[in-house]
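First comes the structure, then the notes that go with it.
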Amino acid sequence: MQKVKVILVLFAGLIMLTSFNPDKKKKDLWQGWTEIQQLMQQQKKPIIIDIYTDWCVYCKKMDASTYQNDSVYNYMKEHFYRFRFNGESKDTLVWHDKKFAFNKLYQIHDFVQYVSQGSIVFPTTVIITPDGQPYSTGGMLKVKEMETLLKYYGTNAYQEKTFPEFSGQFQPIWK
């Protein structure tokens with residue numbers, strides 16, 4: 001009888017250990033806008049901005065898959081400042097001494113219109129180069145597409161080649 005109790009306790013412990021699923025989400029990926037601007041004073045890096053809305057299904061899918069990928073996560077943390085912004089935010093953002101606010105007429109934040117150059121799609125991934133030039137890509141990016149984009153801007157290849165030239169030669173390896 002004693003052996004049965006030990007086996008039951010071990011079995012129950014094993015079930016508890018395997019069923020315990022801690023939140024594995026990488027929550028420390030995103031930085032605050034003020035923090036990024038202060039860090040840019042010390043070290044110039046490109047900024048990646050994930051523009052999303054609360055109602056966007058593809059924004060949520062991209063957050064749960066692409067941004068949770070270990071390779072994407074690690075590369076972004078090393079080579080980019082990282083900002084996540086709700087395109088319907090009522091907060092005011094300051095960039096290059098200009099204030100951007102929610103636009104009641106268009107029901108979208110003026111910063112989104114600025115960095116996406118009027119091409120508003122959710123999600124939108126924006127890269128701002130260290131010289132302040134924004135480049136945007138609309139739609140959900142999968143890991144391989146994100147790898148191409150990150151390495152194009154993270155290695156400064158954008159200074160030597162167009163994105164179509166780079167992506168035509170680039171072989172993504174992240175899965």
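The values are calculated or read from the model by the stated rules, or taken from the named source; none is laboratory data. The shown structure was predicted, so the numbers you read here are calculated from the model rather than taken from an experiment. Cβ atoms come from the backbone with ideal geometry, glycine included; neighbour counts cover every protein chain shown. Accessible surface areas use protein heavy atoms only, side chains included; no ligands, DNA or RNA. Shrake-Rupley method; radii C 1.70, N 1.55, O 1.52, S 1.80 Å.
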**Asked** By per-residue mean of other Cβ atoms within 10 Å, what is the highest-first order of 135-143, 32-40?
**Response** 135-143, 32-40
**Item:** Surface accessible to a 1.4 Å probe, per residue, for the residues of segment 86-171, Å²
**Value:** 55 Å²
**Message:** Need one number for the chain: average projected area of the convex hull over its C-alpha atoms, nm².
**Reply:** 14.3 nm²
**Complete:** From DSSP H assignment alone, runs of 4+ in the chain each adding -39500 (n - 2.57), the sum over residues rounded to the nearest 500 puts [θ] at 222 nm at -12000 deg cm²/dmol
**For segment 28-132, alpha-carbon Rg relative to the globular expectation (2.2 N^0.38 Å, N residues)** = 1.06
**Item:** Accessible-area composition of segment 64-175, carbon plus sulfur, in percent [1.4 Å probe]
**Value:** 49 percent
